[in-house]
Amino acid sequence: LKSLLSRSELLCEQAYVAGEWVDAKSGATFDVTNPARGDVIAKVPDLSREETAQAIAAAEDAQRDWAARPAKERASLLRKWFDLTMANQEDLAIIMTAEQGKPLSEARGEVSYGASFIEWFAEEAKRIYGETIPGHMADKRITVIRQPVGVAAGITPWNFPNAMISRKAAPALAAGCSFIIKPSELTPLSALAMAKLAEEAGLPKGLFSVITSSSSSDIGKEFCENPKVRKLTFTGSTQVGRILLAQAADQVMKCSMELGGNAPFIVFDDADLDAAVEGAIACKFRNNGQTCVCANRIYVQSGVYDAFAEKFKAAVEKLTVGDGMDEGTNLGPLIEPKAVDKVQKHLEDALSKGAEILTGGKPHDLGGQFFEPTIVAQATQDMLVSTDETFGPFAPLFRFEDEDDVIRMANDTIFGLASYFYAKDISRVTKVAEALEYGIVGANTGIISTEVAPFGGVKQSGLGREGSRHGIEEYLEMKYICTSV
Ligand code: ADP
């Protein structure tokens, strides 16, 4: 892997704690493997709670000075981090594909998407405005200021090894917080490369640490139990989100949670079918179906069901499965064997309840963690895929007759992250967008992620928003000052 990089030092096999590159005190390491080939590409330190506490203590010290700096100074350091990220985009993408499996073109896209949050929040750092409120008595003046929460800790998943971190680190640092990240144990190398560039950009020692560890629950406990930590930000499964929220309750810690989804994708009779197919491909198969905003259930109205199914099948059959490093690959491997099991389980469950395979339907001939992109027809609400997120290349088509029915089915889930629909009638577009109980609605588009908009879920898909001017609020506290004159 090193030989593929223009700057081999971006492949780091030490953790970044309190401004130092370190091994674990215990000497323990864990392996990072390439999901396309199964070979070990690096070993990183397996850190413990003790080292996490050390990072937290340093973060507390560094934060005071950081928060006291003029916003413009924080902004300019973040801007440097953004510039360095973009200057090293290709290396960061190669490291990501090697540890995560996504096609190199998607990895490049993720690096620039991730960097866009650093750029955006570098700019927002200067716009953390307060408020003055007319006093309630003749001698009273009321001012509201917004101050950083303090030490913020984050836990992120493996599906976007770079962007899930920058979406949290950038607003935290812009707000004047310090930040400690525990990346997924499956993809720590992207996080370490980001730290290397943050260090080069001149971020003060201790302000940003990366805790690599295979014992995520221990690190999660340290984050929740250490009184120096004032904010927890998590992206991952709803199941782990619930555990962390319960743990964080003891300290009444400020939390933001980006959890699971089960996105409906609805195609109405009046939709532009070619656009709907293009949107469905983009949002079902990006990252091989492993995103929390991937379409999980595709509802197609009766009048266009057959036509849509045919066009969608033709488009899926053009997708190339392979090693993400190979030019022309559209779908890489799944992240780990248990992800393949889950796709298979959803497929078998659907088939046992009457679904029919339109294309795909089995592990790919390449073996390992590769799976054929699969479409099934005649899906129904009693199938597992209706309640559970597949996180893989499995696209079930549901037939529906009328608008009220499909809205009811689309909303019949504990999740509420992303949703999509295609229709032309303007009053339908407005009504459906309002009726979907989701934090994000794509109306005639399958691609909704951008740093300028608030990303987040309702119901059990999460708390809080990332991106946009709202994203920085998660790292700020409001203080009301009442002055008697
Ligand atoms: P995914 O299904 O995306 O792997 P998880 O919720 O299992 O989602 O993992 C997301 C992140 O949460 C990873 O960094 C993982 O190490 C971490 N994690 C998993 N279990 C716990 C836990 N009990 N406490 C803290 N972090 C955890």
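The values are calculated or read from the model by the stated rules, or taken from the named source; none is laboratory data. Since this is a predicted model, take the numbers as computed values, not measurements. Ideal geometry is used to build each Cβ from the backbone, glycine not excepted, and the neighbour counts take in all protein chains shown.
Here are some notes:
- G324 being modelled with pLDDT of 95 or more, part of a loop (DSSP other than H, G, I, E, B) and of a type outside the set (A, V, I, L, M, F, W, C): yes
- Of residues in the stretch 27-56 being among the β-branched types (V, I, T) and outside any helix (DSSP H, G or I), the one surrounded by the most Cβ atoms within 10 Å (Cβ to Cβ): V44
- Assessment of the stretch 210-230 against the conditions (at pLDDT 95 or above and under 16 Å from W81 (Cβ atoms)) yields at least one matching residue.
- Residues in the stretch 236-273 that are more than 20 Å from Q290 (Cα to Cα) and in contact with a Gly (Cβ under 7 Å, 6 or more places away or on another chain) were compared, and the one that is farthest from the ligand (Cβ to nearest atom) is D269.
- Test for E317: is it among the charged types (D, E, K, R) and over 26 Å from F415 (Cα atoms): yes
- Given (1) in contact with an Asp or Glu (Cβ under 6 Å, 6 or more places away or on another chain); (2) among the small types (G, A, S); (3) surrounded by fewer than 15 Cβ atoms within 10 Å (Cβ to Cβ), index of the condition A24 fails: (3)
- Selection status of A71, at pLDDT 95 or above, within 19 Å of K205 (Cα to Cα) and either exposed (fewer than 15 other Cβ atoms within 10 Å of the Cβ) or not acidic (D, E) (or both): yes
- In this structure, A152 does not satisfy being out of contact with any strand residue (DSSP E or B) (no Cβ under 7 Å at 6 or more places or on another chain), hydrophobic (A, V, I, L, M, F, W, C) and surrounded by 24 or more Cβ atoms within 10 Å (Cβ to Cβ).
- All positions within the stretch 235-271 that are under 17 Å from the mean Cα position of the chain (by Cα), within 13 Å of F415 (Cβ to Cβ) and buried (at least 16 other Cβ atoms within 10 Å of the Cβ): T238, G241, M257, E258, L259, G260, G261, N262, A263
- Filtered residues of the stretch 361-391 (kept if on the phi > 0 side of the Ramachandran plot and surrounded by 23 or more Cβ atoms within 10 Å (Cβ to Cβ)): F391
- V406, sole failed condition from (1) in a helix (DSSP H, G or I); (2) within 30 Å of R108 (Cβ to Cβ): (2)
- Against the conditions (1) within 8 Å of the ligand (Cβ to nearest atom); (2) in contact (Cβ under 8 Å) with a residue 60 or more places away in the chain, N226 satisfies every one except (1).
- Among the numbered conditions (1) under 30 Å from A98 (Cα atoms); (2) surrounded by fewer than 23 Cβ atoms within 10 Å (Cβ to Cβ); (3) in contact with a Gly (Cβ under 7 Å, 6 or more places away or on another chain), the only one that L347 does not meet is (2).
- Considering the stretch 211-223, and only residues there that are farther than 20 Å from M96 by Cβ and either among the hydrophobic types (A, V, I, L, M, F, W, C) or more than 16 Å from the ligand (Cβ to nearest atom) (or both), the residue that is surrounded by the most Cβ atoms within 10 Å (Cβ to Cβ) turns out to be F223.
- The residue that is nearest to A125 (Cα to Cα), among those in the stretch 437-485 that are of a type in the set (G, A, S) and in a strand (DSSP E or B), is G462.
For (1) surrounded by 19 or more Cβ atoms within 10 Å (Cβ to Cβ); (2) closer than 21 Å to Q239 by Cβ; (3) acidic (D, E), each residue gets a yes or a no:
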{"position": "P396", "(1), (2), (3)": "yes, no, no"}
{"position": "E401", "(1), (2), (3)": "no, no, yes"}
{"position": "F415", "(1), (2), (3)": "yes, yes, no"}
{"position": "A423", "(1), (2), (3)": "yes, no, no"}
{"position": "L436", "(1), (2), (3)": "yes, no, no"}
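- Residue pairs whose Cβ atoms lie under 8 Å apart, separated by 6 or more positions or on different chains, with the first residue in the stretch 230-245 and of a type in the set (F, W, Y) and the second within 7 Å of the ligand (Cβ to nearest atom) and part of a strand (DSSP E or B), are F234/I155.
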